[in-house]
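The values are calculated or read from the model by the stated rules, or taken from the named source; none is laboratory data. In this text, all values refer to a predicted model and were calculated from it rather than measured experimentally. Neighbour counts are summed over all protein chains in view; Cβ atoms, including those assigned to glycine, are modelled from backbone coordinates with ideal geometry.
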Amino acid sequence: MQDKLTLMIPGPTPVPEKVLQALGKHPIGHRSAEFQELVKRTTEQLKWLHQTRGDVLTITGSGTAAMEAGIINTLSRGDLVLCGDNGKFGERWVKVAKAYGLNVEVIKSKWGSPLANSEFQQALEADTNKQIKAVILTHSETSTGVINDLETISKHVKNHGKALIIADCVTSLGACNVPVDAWGLDVVVSGSQKGYMMPPGLSFVAMSKRAWEAQKKSDLPKFYLDLESYRKTAVKNSNPFTPAVNLYFALEVGLEMMQKEGLQTIFDRHARHRSAAQAGMKAIGLPLFAKEGHGSPSITAVAPEGIDAEVLRKAVKEKYDILLAGGQDHLKGKVFRIGHLGFVNDRDVLTAVAAIESTMQSLNLLNCDMGIGVAAAASALH
C-alpha cells in the first residue's frame, strides 16, 4: 500500500494532522498586524517550552543554522573553546568552530559513550587565566543515541565564571527536561522537525543575558544569522527577513498540543518509549549501542552483532513501511536507530519492535521465540 510510511527516525518526525492542516492555510503578510500577533503568541509558548524568561528567537533555517548562529554571535576569532565530540554532531560543531577561526580544544569520547564530565571540570579548573570563552556540546547525540550530562557540565562552566555554555538541544528539547534558566544555559538551539512535531524549516535560539553581553564583543562575520537583528525585530513581534509564515501556523498548533499535554507528561512519555525500545531490542538479542544508562529519550541506537544493519533496516521498510534510521559514517551497516521523538505514542513503539522482530524471523536471524521482544516492550510501557 502506498503513502503509509511510518517515520521512526530522529527527524523529520511524524506530524499531527492538526499541524498539517495549519500548514495548508492561506499565507498572510509577514509585516501584518495579524502575523505580529502570531509571533507574540508563539514567542510566549517557546519561552514556556524552554523554561526561560529570556529571549527565544526563531530563524527560518535548520538546526545547524541555529547552532552556527549561536557560535558566531557570542565568540570572536581566535577565542579558545572546549568542544565535546562523541558523535557526528559533536564532530560538526568542531568543524564549524574551526571554520570561523576559533581555537578549538576537543574533549572526545568514543562514539556510544557519554562525554566525560570530569574532563570538562579539569580543563575549566586548570584555566586559571580564564582563556576559555565557551564550552560547546551536543545534549542528545542523535548519531549514537547517547544523552550527555548537560546539567553537570553546565555547573562546571558556571564555576569557571567566564565561559559560556552553548548547547545543541535539537533532539532533547521537547523530549526531556532542559530548564534553560535553572541550569544556567547561555545558548540553546533546537529545530522544528524534532520534538516540536513539525516539518523542517524553523530553528530556535535561546539566549541568556551573558550570551547577549558576549554578542556585543563578537567580531565573527554574520548577516542573515546576526541575532541582534532578530532581537531588535522580536521586540516588535516581527522578523528581520521573510519568515516561513505557514510554518508559524504549524508551530502555534504544535506548541498548543504540547502545552495541553504538559511538560512532565511529555518527558515521561519519551522516557517510557526509550525503556520500551531498549527492552524490546535486548529481549530479541540485539545489543544497544549507547552505554548502559546513557540512552537518549529520543532515539535508540542498536548494534546487531553479525547482522548487516542496512539489510535489516531496508527489509523492515519493504515489509512494513516503517522507516528506521541507519548508522552514520563508520557505523553504516553496523547500527540502526529507532526514533521515538515527538508525535509518537505507545502503539508506534510496539509496532516498530514487532516489525523488527518479525523481519528478523523472516530473515532467519531470530534466535528466540517470536513475540518475546513485543512482550518485553509492552511490559516496559506499563
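Some observations on this one:
- Hits in segment 159-171 (condition: farther than 28 Å from T13 by Cβ and in a loop (DSSP other than H, G, I, E, B)): G161, K162, A163
- Among the residues of segment 7-44, the ones that are surrounded by fewer than 18 Cβ atoms within 10 Å (Cβ to Cβ) and either touching an Asp or Glu at 6+ places or on another chain (Cβ under 7 Å) or on the phi > 0 side of the Ramachandran plot (or both) come to 2 in all.
- Residue check for R347: crowded, with 19+ Cβ neighbours inside 10 Å and of a type outside the set (S, T, N, Q): no
- Residues that are of a type in the set (G, A, S) and over 22 Å from K162 (Cβ atoms) within segment 34-90 comprise G61, S62, G63, A65, A66, G87, G90, listed in sequence order.
- With respect to the conditions (1) in contact (Cβ under 8 Å) with a residue 12 or more places away in the chain; (2) surrounded by fewer than 24 Cβ atoms within 10 Å (Cβ to Cβ); (3) touching a Ser or Thr at 6+ places or on another chain (Cβ under 7 Å), K108 falls short on a single one, namely (3).
- For E305, the criteria (1) over 22 Å from D348 (Cα atoms); (2) without any contact (Cβ under 8 Å) to a residue 12 or more places away in the chain hold in every case but one, which is (2).
- If you go through segment 134-158 and keep only what is more than 19 Å from L75 (Cα to Cα) and not in a loop (DSSP other than H, G, I, E, B), you end up with S140, E141, V146, I147, L150, E151, T152, I153, K155, H156.
- Residue count, segment 139-150 (criterion: within 8 Å of the chain's Cα centre (by Cα) and either of a type in the set (V, I, T) or at pLDDT below 95 (or both)): 1
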